[in-house]
Each structure stands twice: as structure tokens, then as C-alpha cells.
Amino acid sequence: MQIENFKIFSDLVESQSFSRAAKINSITQSAVSQQLRAMEKHFRVLIVDRSQKQFRLTREGEKLYDSSKDILYRYEKLNNELLEMKKVISGTIHISTIYSIGLHELPTYITKFLKDFPSVNVRVEYRRSNMVYEDIIHNSVDFGLVAYPTKMRQLEITPFKEDRLVVVCNPQHPFAQKENIDIEELTGQKLINFEPDIPTRKAVDQLFKDYNVEINPVMEFDNIETVKRAVEIDAGIAILPLATVEQEISRQSLNAAQIKGKRIVRPLAILHRKGRVLTPAMKKFIFTLTGETYKDSGQVNGFNAIE
């Protein structure tokens, strides 16, 4: 048995999908099936209960999975300790992130990181928030970057930064002359919003509920760029993170005003799979984003990361 056999098997068990395990390991579904049969032949046991419609391990398969996780953890830990001893910072970091972070928050950090560590490659995928969580849970990527992080037992969550939410409007809109707006002034305004399952939308809905403000929703979109384009043509106003509209403000295609009396922010966080051994490059990436040294105990320089 080689270490790759244990990894493919673990990915298969955790994803319960031959196609996903194949994608994670850049092989074909047929190759995953062949690996499974090879392990069954090697250990002379049945690993998957083929009498069940759903993916299900036998008792021997469960034992093999537990041992596979331990073998992989020890191998990755040893490999990373040797790299740290040699002070080697290289490899590939695969990131899954929502559009607003990937397009507007991340580029500056990646530029700095690649300048400091030119031997590291960084791959970024733009995904809806729920898919970012799935990518991390299924070990498809190294890190996820999300807003309003959700507590899950499989995840380690490290606070990244906070975005201030502002009222965004067309330069011809009456609000364009204001630097600050009472939230009650938003009553009856046409609102361009995100789709209901997007975390920022849920936060905005809760904000209106807390202040008993009735707005007039006119459009819903699944990404921030389309929301901004709708505001630019004066189809309505929107509540968006300030960092995501700075370019439009500078070229005067949008205006932004703060909400009086309350600092409304959108928390951003870095996700990775709990129990994952981080490579030296991955630890340096967390340091670039947070300015804090990552601790394997789940703490960042003394304060507990959100779980």
C-alpha cells in the first residue's frame, strides 16, 4: 500500500462519492474503483457494503478508514515538520471563496504573499457561500473565505477582518448628498438585494427587522457585481460592504453613506478542515491575512478561533 491509496480511500469515505473523490485526486472514477478493489484484495476484506443502495462501510471498512486517517495525519505532520526544519516555503494553496471577497478583499493579500513567497502557487475558485463550506468539509480545497462564518464541528474558523456595511446609491439619488443616513429613512426605498440564502442578505434582513423598517424589494441577485450594476442604473439602493464599492465611488458611478448610530459590519473568516495539518506555506498565508501566527491548537496568538 502507498500513501496515495489511503488518501483516495479517505476522500471517498468523506465525500461518499466516487466522482468527487476522483476530482479531488485528479483521477478518473474508474481509477477510484480500482483503488478500492486493490485495497480489498490487499487486506482480504470487504470494505464497502455493496448490498446497500447508499454508500456504507463494513465494520472492517470503518476500521480501515480510522487507521487511514491516522496514517495520513502522521505522514502529513512528519512531512511538514521536515519542510519547516529545512525552512522550505513552497507548494500550492487552493482557496474557495465567495465573489465579493475573492474580487475585492483577497487580491492585495495574494499579491503580497506571492511577492514574499514566490515558490508558492495560489489557486482561487469563486463559489457561492454554501459551496465553500462543502469544499472544505470534503477536503477539495485548503482554505475557504466566507462572510458571517457558520459554526460547524468539522471546521476551524479564524477571524480575518470586518467590512463596514454602507448604503449605496446612484449619484442622482437623493441619498447621494448625504454622508450619514438614519436607518428609518430607508423605509419605502426600492432595494436591490442578494438572494435569500446568501449570508449578507440574511444579515440585512435582520437589520431591517431589528429597526422595524419596511423596504420595497425590487430585485435579487446571486453576486455582488450584478447588484452594483443595478444600483448604477438607479434601479434602487443597496446595502453593501464598503470595500466592495470603493472603485465605483472613486470613479463616481456610485455613492455611499454610513448608517447613523450603529457600526454595522460584515465579519470575514478563514476556514479550514478541523484536524488538517497545515503546511508551512499555509501557515504563512494565514499570517499574511491576519498578521497573527497560526497555532495548531486552534488558537491565534492567544485568542480562540471561532468554531
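Please treat every number below as a calculation from the coordinates, not as lab data. Small disclaimer: the values here were computed from a predicted structure and weren't measured. Positions of Cβ are generated from backbone atoms using ideal geometry, with glycine treated the same way; all protein chains shown enter the neighbour counts.
Quick look at the values:
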{"read-out": "Whole-angstrom gap from segment 89-149 to segment 247-263, using each part's C-alpha centre", "value": "27 Å"}
{"read-out": "Options [x] 14.7; [y] 24.3; [z] 19.2 - which one matches mean projected area of the Cα convex hull in nm² as calculated here", "value": "[z]"}
{"read-out": "Angle between the chain longest axis and helix 280-290 axis [Cα atoms, degrees, rounded to 10]", "value": "20 degrees"}
{"read-out": "Footprinting exposure proxy for HIS94, HIS272, HIS42 (fewest neighbouring C-beta atoms within 10 Å first)", "value": "HIS42, HIS94, HIS272"}
{"read-out": "0 to 90° range, to nearest 10: angle between helix 59-85 axis and the chain longest Cα axis", "value": "70 degrees"}
{"read-out": "Angle in degrees between helix 29-43 and the longest Cα principal axis of the chain, rounded to the nearest 10", "value": "40 degrees"}
{"read-out": "Scattering curve values for segment 3-85, log₁₀ I(q)/I(0), Debye with Cα scatterers, q = 0.19 Å⁻¹", "value": "-0.83"}
{"read-out": "Residue among THR244, THR288, THR108 with the largest mean-square fluctuation in a Gaussian network model of the chain, springs linking Cα atoms under 10 Å", "value": "THR108"}
{"read-out": "Scattering profile of segment 162-266 at q = 0.21 Å⁻¹ [log10 I(q)/I(0), Debye over alpha-carbon scatterers]", "value": "-1.15"}
{"read-out": "Cα-centre dipole for the chain with unit charges at Cβ (Lys and Arg positive, Asp and Glu negative), debye to 20", "value": "1060 debye"}
{"read-out": "Peptides 84-91, 191-198, 139-146 ordered by average Cβ neighbours within 10 Å, highest first", "value": "139-146, 191-198, 84-91"}
{"read-out": "Simple label model, 7 Å out from Cα along Cβ direction - SER90 to ALA38, nm", "value": "2.6 nm"}
{"read-out": "Mean separation of Cα contacts under 8 Å, 6 or more apart, over the residue count of segment 162-266: relative contact order %", "value": "50 percent"}
{"read-out": "VAL45-ASP205 FRET efficiency (beta carbon distance; Förster radius 41 Å; 0.05 resolution)", "value": "0.20"}
